[in-house]
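A.B. asks: Encoded as C-alpha cells, here's the structure I'll be asking about.
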C-alpha cells in the first residue's frame with residue numbers, strides 16, 4: 001500500500017481512500033483496496049473484470065487525461081460494507097487513447113456515482129454511473145445537443161423507425 005491508503009474496514013472510509021488515490025493518480029494506492037476478482041462495472045462501457053484488467057483501465061485513463069481533476073462530492077455508507085459516492089471529473093483527452101478513442105484535445109466534464117461493495121476491506125464490485133451521452137458529445141463522437149447535426153441524426157432515426165413500423169403492419 002502507498003501512503004495514500006490506510007487499511008480500514010468501513011466502506012465509506014475505503015471509498016474515500018480509493019477516491020483520494022484516483023485524484024492523486026496513485027495506481028498502487030487504488031489497487032491496494034481491490035480484491036483479485038474485483039469487478040469495475042462501468043454501466044456505459046461494460047464491466048472490467050479482475051485486478052489486472054482494472055489496473056490497466058485506470059492506467060489508460062490516467063494517461064489519456066493527463067490533467068484530470070477528480071473531486072469527491074459526497075460519500076454515504078450503508079451497513080459498513082456498501083458505500084455510494086458522488087464525484088466529478090474534469091480534464092482533457094490529450095495524452096493517449098482511451099477505450100479506442102484517439103486523443104483529440106477535447107475537454108471532458110463528468111459527474112457520476114459509484115456504488116462500491118466490500119468484503120473484508122477489499123473492493124469486490126463497483127458499479128459506476130455517469131452520463132455516457134454527455135461524454136460522447138464532449139469527445140465529439142456525437143454532435144452537440146441541439147445542433148444541426150443532432151437534429152438531423154434524430155430526424156434520420158425517427159424516419160427509419162417510422163419506416164420499420166409501417167413495414168411491420
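A.B. asks: Starting from residues that are free of Cβ contacts under 8 Å to residues at least 24 places away in the same chain and assigned to a loop (DSSP other than H, G, I, E, B), keep the ones in region 81-103 and report whichever is surrounded by the fewest Cβ atoms within 10 Å (Cβ to Cβ).
C.D. replies: That would be 100.
A.B. asks: If only one of 41, 26 is farther than 26 Å from residue 137 by Cβ and modelled with pLDDT of 95 or more, which one is it? Steps first, please.
C.D. replies: Numbers: 41 fails: farther than 26 Å from residue 137 by Cβ.
After applying the criteria, what remains is 26.
Per-residue answers, yes or no, for (1) within 20 Å of residue 55 (Cα to Cα); (2) in contact (Cβ under 8 Å) with a residue 12 or more places away in the chain; (3) touching a helix residue (DSSP H, G or I) at 6+ places or on another chain (Cβ under 9 Å); (4) not in a loop (DSSP other than H, G, I, E, B):
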{"position": "134", "(1), (2), (3), (4)": "no, yes, no, yes"}
{"position": "142", "(1), (2), (3), (4)": "no, no, yes, no"}
{"position": "150", "(1), (2), (3), (4)": "no, no, yes, yes"}
{"position": "157", "(1), (2), (3), (4)": "no, no, no, yes"}
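A.B. asks: Right, next: For region 44-80, enumerate the residues that are more than 20 Å from residue 135 (Cβ to Cβ) and either part of a strand (DSSP E or B) or at pLDDT 95 or above (or both).
C.D. replies: Passing the criteria: 49, 50, 51, 52, 53, 55, 74, 75, 76, 77, 78.
A.B. asks: Follow-up question, since we're still on this one. Name, by its number, the condition in (1) in contact (Cβ under 8 Å) with a residue 12 or more places away in the chain; (2) touching a helix residue (DSSP H, G or I) at 6+ places or on another chain (Cβ under 6 Å); (3) closer than 18 Å to residue 113 by Cβ; (4) in a strand (DSSP E or B) that does not hold for residue 36.
C.D. replies: With respect to (1) in contact (Cβ under 8 Å) with a residue 12 or more places away in the chain; (2) touching a helix residue (DSSP H, G or I) at 6+ places or on another chain (Cβ under 6 Å); (3) closer than 18 Å to residue 113 by Cβ; (4) in a strand (DSSP E or B), residue 36 is out only on (3).
A.B. asks: In region 104-118, which residue that is in contact with a strand residue (DSSP E or B) (Cβ under 6 Å, 6 or more places away or on another chain) and closer than 30 Å to residue 80 by Cα is surrounded by the most Cβ atoms within 10 Å (Cβ to Cβ)?
C.D. replies: Residue satisfying both the conditions and the ranking: 116.
The values are calculated or read from the model by the stated rules, or taken from the named source; none is laboratory data. Keep in mind the model is a prediction, meaning the values are calculated, not measured. Glycine gets a Cβ as well: all are built from the backbone with ideal geometry, and neighbour counts include every protein chain shown.
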